[in-house]
Amino acid sequence: MSQARTLAEWLEHPPARDGLLSTEARHEVARLATLLGLPGPRDEAWRYTRLSGLEQEALELGVEAPLPDEHQLRALTPEGVTLDRLVVVNGRPVPSLCQIGPLPDGVGIGSLSAMRQAAREGNSSAAQLLEHLDLLSQSRQRAFSAINSALAEDAAALWVPDGVQLPRPLLVLSLVLPQAGPLLSQPRLLAVLGQHSQATVLEAHGGFGDKAYLCNAVSEFHVQAHARLEHVRVQRDSVAGRRVSGAFFQVMAGAQARTHTYTLGGRTVRNEIRMELVEPGASGEINGLGLLKGETHLDNHTHVAHLAPDCQSHQGFRTILAERSQGIFTGRIQVAKDAQHTDAVQQCASMVLSPEARAVARPQLEILADDVKCTHGSTVGSLDANSLFYLRSRGIPGDLARRILIHAFCSTQLGRVRASEMVNPLDRLITRTLADHA
Amino acid sequence: MLKIQDLHATVAGKEILKGLSLEVGPGEIHAIMGPNGSGKSTLANVLAGREGYEVTSGSVSYLGRDLLNQEPEERAAEGIFLAFQYPVEIPGVPNLYFLRMALNAQRRHRGQEEISAEDFLRLISEKLKLLHLDDGLQKRAVNEGFSGGEKKRNEIFQMLILEPRLALLDETDSGLDIDALKVVSDGVNALRSPDFSAVVVTHYQRLLDHIVPDRVHVLAGGRIVRSGGRELALELEREGYGWIGKESGVDATR
Ligand SMILES: Nc1ncnc2c1ncn2[C@@H]1O[C@H](COP(=O)(O)OP(=O)(O)OP(=O)(O)O)[C@@H](O)[C@H]1O
Ligand SMILES: [Mg+2]
């Protein structure tokens, strides 16, 4: 019973059932989304990215998707690391495919709908989790967040109680499986890390098949006082896949949130990553790696908001651009008036492998405090001819030498991943992806 | 082993080598001296196959085959090793990984099996010991943050691991303290055999006290203008290159 409608039509008539939000609430936020409208050419933040034709396109919601096959699951699963696994297909968690090992008391991993059920049955932490929904995604200003809130049927959810450390990284495997026609997928993730808790979360997103799709993902992370979050996101979309993602982090006193976004494909990908350092001593890190070729267009937008004194942030993005790919980085550092002793760093480096590829870096600083340390820098280069000759002069064939140098360029990003069990699997993933880049 | 005949080469459209001829037999060590900018590094780079160095005429045969149509990595696998005047820093590539890739690539080219991890580590520690080097540097990225002398020592270390048949040392002795000079000369002398030849570019005769050359050549104005035994190096050290212009009609400063 799959129906295809334009986005405007979907927003006018969202599914008449409870989804991520209640039926009434989703209608309300759908109206809001319609008012906000899709970002257009005059939208400065969307200057480099067009989702042309989206308004006219008839899209399915793909809610009754088939189950993914083993091959598809394996393609997105990092090897050699024990994980708890949530599987999400076209935005909807599939309980039968989830694999969760024994967990410490009070930890909640599952679908938001299951949490809602638990809350109704009197589970207080499930009720608390629900209170955090949609607080960070800016769905009053950001059209794609409003669209997600209106049309998402469910969400993946993580609740880590105060003082608890997740025993294994949580893998949220999120697949886009287009069926008859173009698909609009709305994955959603809500994670709340209690005070002094610790968690590693890996979001692995991928799209399959040759059908067009738009995946509009929203993830929200509440990192409470002195908690530690390591968040890795791997995005492997198909050549016909478009992705708009929003990841939102709120970091409280003395807590640390580190997020890494690896974009390894897709037609058009726009990642928006927003981190608010809300209380003193919070620290945040936003890293990104893009391995682009073909026609891939990647637009990374970061926004780090220093809202309290004595916070630290680091942003580091690296992009490899082959063939006709494009990589845009817009990095915003905002330092509020009383956010003294802010220490903020932003670096962006691009390696352009083809004359037809294009890299753009746009730092945006907005500093209202006076006692701050804020540095930023960006470089655009190509493969270094001296290094290449050095390797070849030692007997390493040209194509291997190129791959070694490209991998070396990426390896600084791997070095920033603190969850040590994730480093090797990520490294293998990069190596495999690069095998057809050089 | 190596036969260069009437070699002309240009860099960035400018002719640097202008009819250079040189023959190096198996087991021989030849020293090349000459003024700054005379073309010594150009010669070394042409032999190693660096891009941007265009041979316009002349020939180079190595082990009886035309060298100039081979890719740099083929030349390396066939036994040519260039110790760079300015070794390159490659952040993100660990030294040992780089060396193992290089060694295995060369072995594959020669139809040999790849070296096992244990054998490789044994080889590394054996050569480190031979050169009295500690293994700290090998754990770092290729030449990254190495001092000038450490980079030169690392070149020699790589040479010992890769065991070339023809080593081209481009001022590997420049900027070295006495101990490092010993490392370099020990490294070359360790390889000395009837199957190993070397072309040693240097400005200082003191290296030649440790690596005793069979022949010494003076390269000036893109050509070998004089050749002799090791006593020529002593003479050059005493008298400089002022004589070149008068004797051979070549501008010594070019
Ligand atoms: N890439 C280049 N572009 C332009 N000119 C070059 C380039 N490489 C070398 N040259 C020129 O070629 C000439 C020979 O340089 P080369 O490096 O071979 O000299 P050298 O004999 O090794 O000198 P030194 O003793 O100072 O090392 C110099 O005039 C140099 O400026
Ligand atoms: Mg030189």
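In table form, for the structure just shown:
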item	result
Conditions (1) within 15 Å of ligand 1 (Cβ to nearest atom); (2) among the small types (Gly, Ala, Ser); (3) closer than 16 Å to B:Pro164 by Cα: number failed by B:Ala12	(3)
Number of the condition not met by A:Ser387 [criteria: (1) closer than 20 Å to A:Leu289 by Cα; (2) in contact (Cβ under 8 Å) with a residue 12 or more places away in the chain; (3) within 12 Å of chain B (Cβ to nearest Cβ)]	(1)
Matching residues, segment B:53-65, being touching a residue at least 40 places away in the same chain (Cβ under 8 Å) and more than 16 Å from ligand 2 (Cβ to nearest atom)	B:Glu54, B:Val55, B:Thr56, B:Ser57, B:Gly58, B:Ser59, B:Val60, B:Ser61, B:Tyr62, B:Leu63
Pair list, Cβ < 7 Å and 6+ apart or interchain, from segment B:41-52 residues that are more than 10 Å from chain A (Cβ to nearest Cβ) and touching a residue at least 40 places away in the same chain (Cβ under 8 Å) to residues that are assigned to a loop (DSSP other than H, G, I, E, B) and within 7 Å of ligand 1 (Cβ to nearest atom)	B:Ser41/B:Gln85
Boolean, B:Glu150 is acidic (Asp, Glu) and within 22 Å of B:Glu126 (Cβ to Cβ)	yes
Hits in segment B:69-83 (condition: at the interface with chain A (Cβ under 7 Å from one of its Cβ atoms) and closer than 24 Å to B:Arg140 by Cα)	B:Glu73, B:Ala76, B:Leu82
Top-ranked residue in segment A:392-438 [being assigned to a loop (DSSP other than H, G, I, E, B) and within 13 Å of A:Pro78 (Cβ to Cβ); ranked as farthest from the other protein chains (Cβ to nearest Cβ)]	A:Ala419
Verdict on B:Ile29 being more than 14 Å from every other protein chain (Cβ to nearest Cβ) and within 9 Å of ligand 1 (Cβ to nearest atom)	no
Of all residues in segment B:109-141 being surrounded by fewer than 17 Cβ atoms within 10 Å (Cβ to Cβ) and under 23 Å from the mean Cα position of the chain (by Cα), the one that is nearest to the other protein chains (Cβ to nearest Cβ)	B:His109
Any hit, segment A:363-375, residues being touching a helix residue (DSSP H, G or I) at 6+ places or on another chain (Cβ under 9 Å) and more than 14 Å from every other protein chain (Cβ to nearest Cβ)	no
Check on A:Val192, closer than 19 Å to A:Pro95 by Cβ and in a strand (DSSP E or B)	no
Any hit, segment A:213-222, residues being in the same structural domain as A:Asn90 (by TED's automatic domain parsing), farther than 29 Å from A:Gln326 by Cβ and touching a residue at least 24 places away in the same chain (Cβ under 8 Å)	yes
B:Leu130 being within 16 Å of ligand 2 (Cβ to nearest atom) and of a type outside the set (S, T, N, Q)	no
Residue count, segment B:209-221 (criterion: in contact (Cβ under 8 Å) with a residue 60 or more places away in the chain and either away from ligand 1 (no atom under 16 Å from the Cβ) or of a type in the set (Ser, Thr, Tyr) (or both))	5
Test: residue in segment B:83-101 that is farther than 30 Å from A:Gln413 by Cβ, without any contact (Cβ under 8 Å) to a residue 12 or more places away in the chain and more than 15 Å from ligand 2 (Cβ to nearest atom)	no
Selection within segment A:170-190 - of a type in the set (Gly, Ala, Ser) and out of contact with any helix residue (DSSP H, G or I) (no Cβ under 9 Å at 6 or more places or on another chain)	A:Ala180, A:Gly181, A:Ser185
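The values are calculated or read from the model by the stated rules, or taken from the named source; none is laboratory data. Just so it is clear, the structure is predicted and the values come from calculations on it, not from any experiment. Please note: Cβ atoms are built from the backbone with ideal geometry, for glycine as well, and neighbour counts cover all protein chains shown.
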